[in-house]
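Trainee: Can you read through this structure? Questions will come right after.
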Amino acid sequence: MAFQKIAVAIITPTHTKKSFELGLEMAKKFDSELTVVECMYKTPPKFYFFETKSDKKTTQNQIKKLKTELENWKKVANKQGVQIKTKLALTDNISHWVVDYVKENKIDLLIVDYPKLSMEEITLFDDIINVIHHKSNCHLLTTKPT
């Protein structure tokens with residue numbers, strides 16, 4: 001089985017490089033397209049009806065950090081001869097965004113990183129991965145820490 005389109009979805013704020021490295025190796029092996037997507041929840045404003053300057057600054061800092069990380073991964077992939085696309089997803093619902101992305105872009109293999117999390121985070125990210133698993137119509141590989 002060959003995978004033509006591989007996507008790596010980074011869904012947790014604390015992740016490892018494992019899923020990216022695996023996606024890179026798979027893309028080299030199958031001569032596939034590789035896309036890396038950083039998913040981030042929109043931070044709800046402190047006040048219900050509007051965003052404060054502080055809210056906007058926090059969001060901008062998060063976006064800047066993630067874009068820098070995506071650029072670094074792009075450099076690593078290019079050094080190894082793999083062309084990648086990167087995307088930053090700022091969303092209210094990560095699982096639905098990822099499922100829609102997989103369907104719209106006809107992704108064959110989705111790799112999702114699942115690092116060690118706190119008990120509170122585990123519930124949230126278990127739900128996200130379950131929705132992605134059941135609703136995306138592609139192969140799903142979840143990497144866990146060893």
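The values are calculated or read from the model by the stated rules, or taken from the named source; none is laboratory data. Note that the structure is predicted; figures quoted are calculated from it, not measured. All Cβ positions, even for glycine, are placed from backbone atoms using ideal geometry, and neighbour counts span all protein chains on display. We work out accessible area using only protein heavy atoms, side chains counted, and drop any ligands, DNA or RNA first. Shrake-Rupley method; radii C 1.70, N 1.55, O 1.52, S 1.80 Å.
Trainee: Taking θ as phi - 60°, what are the ³J(HN,Hα) couplings along segment 98-113 by the Karplus curve (6.51, -1.76, 1.60), each to the nearest whole Hz, with x for Gly and Pro?
Mentor: 5, 4, 4, 4, 4, 5, 5, 9, 6, 6, 8, 9, 10, 10, 10, 7
Trainee: Within segment 67-144, how many lysine pairs that are 8 or more places apart, or on different chains, have C-alpha atoms less than 21 Å apart?
Mentor: Qualifying lysine pairs in segment 67-144: 18.
Trainee: Per residue, what accessible area does the chain have, given a 1.4 Å probe and all protein chains present, in Å²?
Mentor: Here the residues of the chain average 62 Å² of exposed surface.
Trainee: If you don't mind, another one. For the ranges 3-12, 63-72, 93-102, what's the packing order if you count other beta-carbon atoms within 10 Å of each residue, average per peptide, and put the highest first?
Mentor: Output ranking for 3-12, 63-72, 93-102: 3-12, 93-102, 63-72.
Trainee: Still on this structure, I have one more. Spin-label point model (7 Å from Cα, Cβ direction): what's the ASN130 to THR68 distance in nm?
Mentor: 3.6
Trainee: Compute the angle between helix 18-30 and the longest alpha-carbon principal axis of the chain, please, reported from 0 to 90 degrees and rounded to the nearest 10.
Mentor: 30
Trainee: Let me ask another. Using a 1.4 angstrom probe on heavy atoms only, work out the carbon and sulfur share of the accessible area of the chain in %.
Mentor: Ligands and nucleic acids excluded, carbon and sulfur reach 54 percent.
Trainee: Just for the chain, what percent of DSSP beta bridges are antiparallel, to the closest 5?
Mentor: Roughly 5 percent of the DSSP beta bridges within the chain come out antiparallel.
Trainee: Positive end of the charge dipole of segment 20-89 (Lys, Arg +1 and Asp, Glu -1 on Cβ, about the Cα centre): tell me which of MET26, GLY81, THR58 has its Cα farthest that way.
Mentor: About the Cα centre, the residue reaching furthest to the positive side is THR58.
Trainee: Calculated from the structure, Rg and Dmax of the Cα atoms in Å equals which of [x] 14.3, 47; [y] 15.6, 51; [z] 15.3, 42?
Mentor: Correct label is [y].
Trainee: Measure nothing fancy, just the Cα-based angle from helix 53-79's long axis to the longest principal axis of the chain, in degrees from 0 to 90, nearest 10.
Mentor: Orientation of helix 53-79: about 10 degrees from the principal axis.
Trainee: What number, rounded to the nearest 500 deg cm²/dmol, is the helix-based mean residue ellipticity at 222 nm of the chain, given -39500 (n - 2.57) per DSSP H run of at least four residues and division by all its residues?
Mentor: -15500 deg cm²/dmol
Trainee: Can you tell me how segment 58-141 classifies by the Cα gyration tensor, rounded, prolate or oblate, using a/c under 1.5 as the rounded cut?
Mentor: Note, shape of segment 58-141 comes out oblate.
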